[in-house]
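Accompanying notes for the structure given below.
None of the figures in this text is laboratory data; all of them are computed from the coordinates on show. Nothing here was measured: the structure is a model prediction, and the numbers come from that model. In this analysis, Cβ positions are derived from the backbone assuming ideal geometry, glycine residues included, and neighbour counts consider all displayed protein chains.
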Amino acid sequence: RNWETIKEFEEIKFEYWEGIGKITINRPRYRNAFTPDTTREMCEAMVICRENPDISVVVFTGEGDKAFCSGGDQNVKSTAGYIGKDGVPRLNVLDLQKLIRSIPKPVIAMVNGYAIGGGHVLHVVCDLSIASENAIFGQTGPKVGSFDAGFGSSYLARVVGQKKAREIWFLCEQYSAQEALEMGLVNKVVPFEELENETVRWAQRMMMHSPLALRMIKAGLNAELDGQAGIQELAGNATMLYYMTEEAQEGKKAFLEKRKPDFSKYPKMP
Ligand code: 1HA
């Protein structure tokens, strides 16, 4: 596959091929741990994925065959967050989680190795997870002085159930790809050499389907869990669809033409 670079970054690779935007954490020396600069770059790439109509599906992965992502880089962790080049402590991976959840396109985690700590949460918040057989999953927070009581807890529990989520967080054990599959934490496990092929197949399958339908389903699946913010997304999509009707156009036209709107001819569906 001839992936072409969309934009050059320092800590990630951001590439494109046939409708797919691929974001790769490129810090294999540190098992693809993220700094605030890594997550800032990932957020920037996500915004580009959202805006670019040629991108239909987003794939997240890590460089190499050892790690998807090992969470926050412990070397730059300070007393108030993770410190980037600007010297400011941040937890901006939370912004990235929100972008993954709200982008109106499917996001696939292509889990090529360790998905640990904040790196595990990243795959959890993706819409789909496809793992290679060598992938290993787990949270470490309570062991290393951290926790993610947001999506990393409540959404994890929605995915694997409350008992399992508590086990994962309280015991900080590591789980094999097969175990992850059995608990519904990933969608599919394949040999490492097949990981990208399989992920691309899933992306291509979705790209055959109606993008608007996928968008509405993603918003619908998020809506209840994300409270008012989730309803806002779903409602925004409803408004977008409404604007596409003549009925909505009539309201705007009448205003601009300084006349009374005539909505009488539009159907009132039972
Ligand atoms: O919990 C949060 C947050 C919560 C709320 C809001 C925001 C949050 C943001 C982040 C996080 C967190 O991510 S907390 C959890 C942080 N991560 C970890 O505790 C995982 C640490 N790493 C490991 O447990 C292991 O490295 C590993 C299971 C992923 C891989 O083990 P392996 O294959 O034995 O490799 P290892 O020798 O440990 O690592 C290779 C090199 O990568 C080591 O460096 P070296 O000794 O060669 O100099 C290692 O230090 C480095 N490395 C690995 N992970 C990290 C790391 N360096 C910095 N930070 C890391 N996370």
Rg and Dmax of the stretch 171-234, Cα atoms only, in Å: 15.9, 42
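Taking a threshold of 29 Å on the Cα-Cα distance, which of the pairs 13/98; 7/66; 7/164; 105/260; 66/164 fall above it?
On the way: 13/98 20 Å; 7/66 25 Å; 7/164 39 Å; 105/260 39 Å; 66/164 25 Å.
Pairs exceeding the cut-off: 7/164; 105/260.
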log10 of Debye I(q)/I(0), alpha-carbon scatterers only, for the stretch 91-138 at 0.29 Å⁻¹: -1.08
Globularity ratio of the stretch 1-62, using Cα Rg and 2.2 N^0.38 Å: 1.06
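Taking 0.36 nm per residue of separation and subtracting the Cα-Cα distance, what length does fully extending residue 188 through residue 133 add? Intermediate results must be reported in sequence, preceding the final value.
Values: separation 55, 0.36 × 55 = 19.80 nm, distance 0.97 nm.
Full extension of this stretch gives 18.8 nm more.
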Distance histogram for the stretch 122-270 (every C-alpha pair counted, 5 angstrom bins, percent rounded to whole numbers): 2, 8, 12, 14, 13, 13, 11, 7, 5, 5, 5, 4, 2, 0
Within straight-line cross-link reach of residue 188, aspartates and glutamates at Cα separation under 16 Å, skipping those fewer than 8 residues along the same chain: 127, 133, 179, 196, 198
Ordering of 171-179, 147-155, 34-42 by burial proxy (mean other Cβ atoms within 10 Å per residue, highest first): 34-42, 147-155, 171-179
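Cα-Cα over 21 Å: which of 85/143; 218/265; 22/218? Before the final figure, lay out the partial values.
Values: 85/143 27 Å; 218/265 33 Å; 22/218 19 Å.
Beyond 21 Å: 85/143; 218/265.
So what are the stretch 1-142's ellipsoid semi-axes, whole angstrom, largest first, if each one is the square root of 5 times an eigenvalue of the alpha-carbon gyration tensor? Don't skip to the end; give the middle numbers.
On the way: eigenvalues 98, 60, 38 Å².
In descending order the semi-axes read 22, 17, 14 Å.
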Most mobile listed residue (109, 157, 67) in the chain, GNM with C-alpha springs under 10 Å: 157
Share of pairwise Cα separations in the stretch 211-270, more than 20 Å, in percent: 45 percent
Other-chain or far-sequence residues with amide H under 5 Å of residue 146's (modelled H): none
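Rule-of-thumb check for the stretch 41-86: C-alpha Rg over 2.2 N^0.38 Å? Don't jump to the answer; show the numbers that get you there.
Details: Rg = 14.4 Å, N = 46, 2.2 N^0.38 = 9.4 Å.
For the stretch 41-86, the normalised Cα radius of gyration comes out at 1.52.
Above 30 Å lies some portion of the pair distances; for the chain, what is it as a whole percent of all C-alpha pairs? Walk me through the intermediate numbers first.
Numbers: 11868 of 36315 pairs.
That tail contains 33 percent of the Cα-Cα pairs.
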Residue of 141, 62, 118 that the Gaussian network model of the chain assigns the largest fluctuation, springs spanning Cα pairs under 10 Å: 141
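How much mean residue ellipticity at 222 nm does the chain get from its helices, if each DSSP H run of length 4 or more adds -39500 (n - 2.57) and you divide by all residues, to the nearest 500 deg cm²/dmol? Provide the component values of the computation, followed by the final result.
On the way: 11 runs with 118 residues, N = 270.
Computed mean residue ellipticity for the chain: -13000 deg cm²/dmol.
Based on alpha-carbon atoms only, what is the radius of gyration of the stretch 127-211 relative to the globular estimate 2.2 N^0.38 Å? Display every interim value, and only then the final one.
Working: Rg = 14.7 Å, N = 85, 2.2 N^0.38 = 11.9 Å.
Here the answer is 1.23, to two decimals.
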Label zone at residue 232 (point 7 Å along Cα-to-Cβ), backbone N below 20 Å, the stretch 96-117: 96-105
